[in-house]
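Down below is the structure, laid out as C-alpha coordinates.
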Amino acid sequence: MAKPRLISFKICPFVQRSVILLKEKNIDFDIAYIDLSEPPEWFLTLSPTGKVPVLEVEGKVLFESAIINEYLDEVNPPSLHPDDPLEKAQNRAWMEFTSPLYMAFFKLMMSKTKEAGAEVILEANKQLDTLDKIKIQTPWFNGEKFSMVDISVAPLFVRLAFLKKHFGLDLLDGRTNLQAWSDKLLARETVINSVVEGFEDILMMRIKGAESFLVK
Ligand SMILES: N[C@@H](CCC(=O)N[C@@H](CS)C(=O)NCC(=O)O)C(=O)O
(Lines give C-alpha, C1' and ligand atoms only; values in the text may rest on other atoms or scores of the structure.)
Protein backbone atom coordinates (compact mmCIF):
# COMPACT_ATOMS: atom_id res chain seq x y z
CA MET A 1 0.00 0.00 0.00
CA ALA A 2 1.33 3.46 -0.93
CA LYS A 3 1.73 5.87 1.99
CA PRO A 4 -1.80 7.12 2.74
CA ARG A 5 -2.72 10.67 3.75
CA LEU A 6 -5.35 11.24 6.40
CA ILE A 7 -7.27 14.50 6.43
CA SER A 8 -8.06 15.48 9.98
CA PHE A 9 -9.64 18.02 12.27
CA LYS A 10 -7.66 18.14 15.49
CA ILE A 11 -10.44 17.17 17.90
CA CYS A 12 -12.48 14.86 15.68
CA PRO A 13 -13.12 11.49 17.40
CA PHE A 14 -13.85 9.77 14.09
CA VAL A 15 -10.42 10.73 12.75
CA GLN A 16 -8.95 9.54 16.03
CA ARG A 17 -10.36 6.07 15.37
CA SER A 18 -8.38 5.91 12.13
CA VAL A 19 -5.25 7.29 13.77
CA ILE A 20 -5.40 4.56 16.43
CA LEU A 21 -5.79 1.86 13.79
CA LEU A 22 -2.91 3.25 11.71
CA LYS A 23 -0.72 3.24 14.81
CA GLU A 24 -1.84 -0.22 15.92
CA LYS A 25 -0.76 -1.55 12.52
CA ASN A 26 2.41 0.52 12.36
CA ILE A 27 1.35 1.99 9.02
CA ASP A 28 3.39 4.94 7.84
CA PHE A 29 1.02 7.81 7.00
CA ASP A 30 0.85 11.55 6.47
CA ILE A 31 -1.71 13.69 8.19
CA ALA A 32 -3.12 17.07 7.16
CA TYR A 33 -5.19 19.18 9.55
CA ILE A 34 -7.97 21.42 8.37
CA ASP A 35 -10.16 23.89 10.18
CA LEU A 36 -13.73 22.68 9.81
CA SER A 37 -15.12 26.15 10.47
CA GLU A 38 -13.27 27.30 7.35
CA PRO A 39 -12.69 24.22 5.23
CA PRO A 40 -10.26 24.85 2.39
CA GLU A 41 -11.49 24.58 -1.18
CA TRP A 42 -9.27 21.56 -1.94
CA PHE A 43 -10.90 19.67 0.92
CA LEU A 44 -14.43 20.43 -0.26
CA THR A 45 -13.47 19.20 -3.70
CA LEU A 46 -12.01 16.02 -2.21
CA SER A 47 -14.65 15.13 0.37
CA PRO A 48 -18.11 14.11 -0.87
CA THR A 49 -19.64 14.78 2.56
CA GLY A 50 -17.54 17.74 3.70
CA LYS A 51 -16.63 15.63 6.73
CA VAL A 52 -13.39 14.25 8.11
CA PRO A 53 -11.81 11.76 8.15
CA VAL A 54 -10.88 11.42 4.51
CA LEU A 55 -8.13 9.04 3.49
CA GLU A 56 -6.24 9.58 0.26
CA VAL A 57 -4.66 6.36 -0.90
CA GLU A 58 -3.24 5.33 -4.24
CA GLY A 59 -4.83 8.37 -5.87
CA LYS A 60 -8.28 7.48 -4.54
CA VAL A 61 -10.43 8.99 -1.84
CA LEU A 62 -12.05 7.09 1.03
CA PHE A 63 -14.46 8.62 3.51
CA GLU A 64 -16.40 7.46 6.60
CA SER A 65 -14.17 6.33 9.47
CA ALA A 66 -15.67 2.83 9.67
CA ILE A 67 -15.04 2.21 5.97
CA ILE A 68 -11.54 3.66 6.15
CA ASN A 69 -10.73 1.40 9.08
CA GLU A 70 -12.19 -1.69 7.42
CA TYR A 71 -10.05 -1.01 4.34
CA LEU A 72 -6.87 -0.42 6.35
CA ASP A 73 -7.54 -3.55 8.38
CA GLU A 74 -8.06 -5.65 5.26
CA VAL A 75 -4.95 -4.57 3.40
CA ASN A 76 -2.70 -4.73 6.45
CA PRO A 77 -3.11 -8.24 7.89
CA PRO A 78 -3.49 -9.79 10.38
CA SER A 79 -7.02 -8.51 10.79
CA LEU A 80 -8.09 -7.00 14.07
CA HIS A 81 -11.54 -8.54 13.56
CA PRO A 82 -12.47 -12.00 14.86
CA ASP A 83 -12.23 -14.74 12.19
CA ASP A 84 -15.71 -16.13 12.73
CA PRO A 85 -18.16 -14.32 10.38
CA LEU A 86 -20.95 -14.20 12.95
CA GLU A 87 -18.68 -12.86 15.67
CA LYS A 88 -17.25 -10.36 13.17
CA ALA A 89 -20.74 -9.19 12.24
CA GLN A 90 -21.65 -8.79 15.90
CA ASN A 91 -18.49 -6.78 16.44
CA ARG A 92 -19.38 -4.52 13.55
CA ALA A 93 -22.83 -4.00 15.01
CA TRP A 94 -21.34 -2.91 18.34
CA MET A 95 -18.93 -0.60 16.56
CA GLU A 96 -21.94 1.01 14.93
CA PHE A 97 -23.65 1.18 18.32
CA THR A 98 -20.91 3.42 19.72
CA SER A 99 -21.23 6.08 17.01
CA PRO A 100 -24.29 7.95 18.40
CA LEU A 101 -22.42 8.36 21.68
CA TYR A 102 -19.98 10.65 19.89
CA MET A 103 -22.89 12.75 18.73
CA ALA A 104 -24.13 12.84 22.32
CA PHE A 105 -20.75 14.10 23.49
CA PHE A 106 -20.79 16.80 20.83
CA LYS A 107 -24.34 17.86 21.75
CA LEU A 108 -23.40 17.94 25.41
CA MET A 109 -20.44 20.17 24.67
CA MET A 110 -22.69 22.50 22.70
CA SER A 111 -25.63 22.55 25.14
CA LYS A 112 -26.22 26.06 26.37
CA THR A 113 -28.40 25.15 29.34
CA LYS A 114 -28.18 22.61 32.13
CA GLU A 115 -31.59 21.28 31.10
CA ALA A 116 -30.48 20.68 27.50
CA GLY A 117 -27.33 18.97 28.83
CA ALA A 118 -29.40 16.79 31.18
CA GLU A 119 -31.52 15.58 28.28
CA VAL A 120 -28.45 14.51 26.33
CA ILE A 121 -27.05 12.75 29.40
CA LEU A 122 -30.33 10.88 29.96
CA GLU A 123 -30.21 9.45 26.45
CA ALA A 124 -26.47 8.69 26.60
CA ASN A 125 -26.96 6.91 29.94
CA LYS A 126 -29.28 4.39 28.32
CA GLN A 127 -26.71 3.57 25.65
CA LEU A 128 -23.90 3.40 28.19
CA ASP A 129 -25.94 0.99 30.33
CA THR A 130 -26.48 -1.26 27.33
CA LEU A 131 -22.78 -1.21 26.51
CA ASP A 132 -21.84 -1.85 30.14
CA LYS A 133 -24.03 -4.97 30.18
CA ILE A 134 -22.63 -6.39 26.96
CA LYS A 135 -18.96 -5.77 27.84
CA ILE A 136 -18.50 -8.87 29.97
CA GLN A 137 -15.21 -10.18 28.58
CA THR A 138 -11.91 -8.73 29.74
CA PRO A 139 -9.65 -7.01 29.18
CA TRP A 140 -10.85 -6.19 25.68
CA PHE A 141 -14.24 -6.46 24.02
CA ASN A 142 -13.47 -9.95 22.70
CA GLY A 143 -11.38 -11.04 25.66
CA GLU A 144 -7.63 -11.40 25.15
CA LYS A 145 -7.53 -10.16 21.55
CA PHE A 146 -7.54 -6.39 21.01
CA SER A 147 -9.96 -5.60 18.19
CA MET A 148 -11.70 -3.04 16.03
CA VAL A 149 -14.46 -2.60 18.64
CA ASP A 150 -11.89 -1.47 21.18
CA ILE A 151 -10.61 1.09 18.70
CA SER A 152 -14.10 2.33 17.91
CA VAL A 153 -14.83 3.20 21.53
CA ALA A 154 -11.42 4.53 22.64
CA PRO A 155 -11.96 8.17 21.51
CA LEU A 156 -15.21 8.19 23.48
CA PHE A 157 -13.42 7.20 26.69
CA VAL A 158 -10.83 9.92 26.05
CA ARG A 159 -13.68 12.44 25.98
CA LEU A 160 -15.49 11.00 28.99
CA ALA A 161 -12.24 11.20 30.97
CA PHE A 162 -11.96 14.85 29.91
CA LEU A 163 -15.50 15.56 31.19
CA LYS A 164 -14.69 13.93 34.50
CA LYS A 165 -11.36 15.70 34.90
CA HIS A 166 -12.54 19.20 34.04
CA PHE A 167 -16.21 19.27 35.01
CA GLY A 168 -16.59 16.45 37.55
CA LEU A 169 -19.10 14.84 35.23
CA ASP A 170 -18.54 11.09 35.50
CA LEU A 171 -20.64 9.19 33.00
CA LEU A 172 -18.86 5.93 33.85
CA ASP A 173 -19.77 6.15 37.52
CA GLY A 174 -21.22 2.79 38.60
CA ARG A 175 -20.55 1.25 35.20
CA THR A 176 -17.71 -0.96 36.31
CA ASN A 177 -17.26 -2.87 33.07
CA LEU A 178 -16.96 0.31 31.06
CA GLN A 179 -14.69 1.91 33.65
CA ALA A 180 -12.30 -1.06 33.48
CA TRP A 181 -12.40 -0.99 29.67
CA SER A 182 -11.70 2.73 29.69
CA ASP A 183 -8.77 2.34 32.10
CA LYS A 184 -7.18 -0.26 29.81
CA LEU A 185 -7.71 1.77 26.67
CA LEU A 186 -6.50 5.06 28.12
CA ALA A 187 -3.27 3.34 29.18
CA ARG A 188 -2.63 1.92 25.70
CA GLU A 189 0.19 3.62 23.83
CA THR A 190 -1.60 3.95 20.50
CA VAL A 191 -4.54 5.61 22.23
CA ILE A 192 -2.30 7.95 24.23
CA ASN A 193 -0.47 8.91 21.02
CA SER A 194 -3.64 9.39 19.00
CA VAL A 195 -4.43 12.84 20.37
CA VAL A 196 -2.74 15.99 19.14
CA GLU A 197 -0.62 18.17 21.40
CA GLY A 198 -2.82 20.59 23.30
CA PHE A 199 -5.89 18.43 22.67
CA GLU A 200 -7.59 19.31 25.96
CA ASP A 201 -6.93 23.04 25.51
CA ILE A 202 -8.44 22.97 22.02
CA LEU A 203 -11.49 21.08 23.28
CA MET A 204 -11.87 23.52 26.17
CA MET A 205 -11.65 26.49 23.80
CA ARG A 206 -14.40 24.94 21.68
CA ILE A 207 -16.60 24.45 24.77
CA LYS A 208 -16.02 28.04 25.90
CA GLY A 209 -16.62 29.32 22.38
CA ALA A 210 -19.98 27.52 22.33
CA GLU A 211 -20.91 29.10 25.69
CA SER A 212 -21.72 25.62 26.91
CA PHE A 213 -23.47 25.15 30.25
CA LEU A 214 -20.35 23.22 31.23
CA VAL A 215 -18.42 26.47 31.65
CA LYS A 216 -21.17 28.63 33.14
N1 LIG B 1 -19.92 9.14 10.11
C2 LIG B 1 -18.74 9.95 9.90
C3 LIG B 1 -18.82 11.13 10.84
C4 LIG B 1 -17.68 12.10 10.60
C5 LIG B 1 -17.97 13.47 11.23
O6 LIG B 1 -19.08 13.76 11.67
N7 LIG B 1 -16.93 14.32 11.23
C8 LIG B 1 -17.13 15.66 11.71
C9 LIG B 1 -15.96 16.13 12.55
S10 LIG B 1 -15.74 15.17 14.01
C11 LIG B 1 -17.19 16.59 10.51
O12 LIG B 1 -16.39 16.49 9.61
N13 LIG B 1 -18.11 17.54 10.53
C14 LIG B 1 -18.21 18.53 9.51
C15 LIG B 1 -19.60 18.69 9.00
O16 LIG B 1 -20.52 18.00 9.49
O17 LIG B 1 -19.78 19.54 8.13
C18 LIG B 1 -17.48 9.11 10.12
O19 LIG B 1 -17.53 8.16 10.91
O20 LIG B 1 -16.46 9.38 9.46
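Given the rule -39500 (n - 2.57) for each run of at least 4 DSSP H residues, summed and divided by the residues of the chain, what is its mean residue ellipticity at 222 nm, to the nearest 500 deg cm²/dmol?
Taking each H run of at least 4 residues, the total per residue is -18000 deg cm²/dmol.
Antiparallel DSSP bridges in the chain: what percent, to the nearest 5?
About 65 percent, rounded to the nearest 5.
Given a 1.4 angstrom probe, I'd like the percentage of the accessible area of region 5-75 that is carbon and sulfur, rounded to a whole number.
Result for region 5-75: 51 percent of the exposed heavy-atom area is carbon or sulfur.
In terms of solvent-accessible area of protein heavy atoms at a 1.4 angstrom probe, what is the ranking of Lys23, Lys184, highest value first?
Lys184, Lys23
Determine the sum of side-chain charges near Lys126: Lys and Arg each +1, Asp and Glu each -1, restricted to other residues whose C-beta is under 13 angstrom from that of Lys126.
After counting each charged neighbour, the total is -2.
Could you derive backbone 3J(HN,Hα) for region 68-80 from the dihedral phi with the Karplus parameters 6.51, -1.76 and 1.60 (θ = phi - 60°), listing whole Hz in sequence and x where the residue is Gly or Pro?
Taking θ as phi minus 60°, the curve returns 4, 5, 4, 4, 4, 5, 5, 8, 10, x, x, 5, 8 Hz for region 68-80.
Between Asn76 and Glu58, what is the label-to-label distance in nm when each label sits 7 Å out along the Cα-to-Cβ direction?
So the label points at Asn76 and Glu58 sit 1.5 nm apart.
Express the accessible area of the chain per residue in Å², computed with a 1.4 Å probe while the remaining protein chains stay in the model.
52
Could you give the length gained on full extension between Lys133 and Met103, defined as 0.36 nm per residue of separation minus the Cα-Cα distance, in nm?
8.7 nm
Could you work out the local net charge near Ser18, counting Lys and Arg as +1, Asp and Glu as -1, over the other residues with Cβ closer than 15 Å to its Cβ?
-2
Give me the percent of accessible area attributable to carbon and sulfur for region 90-216, probe 1.4 angstrom.
Heavy-atom surface of region 90-216 belonging to carbon and sulfur, 1.4 Å probe: 55 percent.
Mind listing the long-range amide H neighbours of Ser8? Cut-off is under 5 Å, sequence gap 5 or more, other chains count too, H placed in the peptide plane at 1.01 Å from N.
When sequence neighbours closer than 5 places are left aside, the close amide H contacts are Ala32, Tyr33, Ile34.
Grab the other residues whose beta carbon is less than 15 angstrom from that of Gly50, score K and R as +1, D and E as -1, and report the net.
That works out to -3.
Mind checking the dipole of the chain: about its Cα centre, +1 per Lys or Arg Cβ, -1 per Asp or Glu Cβ, Debye to the nearest 20?
520
Tell me the Kirkwood hydrodynamic radius of region 44-119 in angstroms, computed as one over the mean inverse distance between distinct C-alpha pairs.
Here the Kirkwood hydrodynamic radius works out to 15.1 Å.
A 32 angstrom limit on the alpha carbon distance is what I want to check against. Which of Lys25/Lys208; Lys88/Lys208; Lys51/Lys164 exceed it?
Over 32 Å apart, Cα to Cα: Lys25/Lys208; Lys88/Lys208.
Sticking with the crude label model, points 7 Å out along Cα→Cβ, report the distance from Leu86 to Tyr33 in nm, one decimal please.
Spacing of the two 7 Å Cα→Cβ label points: 4.6 nm.
Taking only the C-alpha atoms, wrap a convex hull around the chain and report its volume per residue in Å³ as a whole number.
With only Cα atoms used, the chain gives 123 Å³ per residue.
Indicate, rounded to the nearest 5 percent, the antiparallel portion of the DSSP beta bridges found entirely in region 5-75.
Bridges in region 5-75 that DSSP calls antiparallel: roughly 65 percent.
When the chain is fully extended, how far beyond the present Cα-Cα distance does Asn177 get from Lys165, taking 0.36 nm per residue of separation?
Length gained between Asn177 and Lys165: 2.4 nm.
Relative to 2.2 N^0.38 Å, what does the C-alpha radius of gyration of region 106-216 come to as a ratio? Two decimals please.
Relative to the rule-of-thumb radius for its length, region 106-216 sits at 1.11.
Relative contact order (percent) for region 85-215, with alpha-carbon contacts under 8 angstrom and 6 or more residues of separation?
Across region 85-215, relative contact order equals 32 percent.
The values are calculated or read from the model by the stated rules, or taken from the named source; none is laboratory data. All values reported here derive from a predicted model rather than from experimental measurement. Methodologically, a virtual Cβ is constructed for each residue, glycine included, from the backbone with ideal geometry; neighbour enumeration extends over all protein chains shown. Side chains included, ligands, DNA and RNA excluded: accessible areas come from the protein's heavy atoms. Shrake-Rupley method; radii C 1.70, N 1.55, O 1.52, S 1.80 Å.
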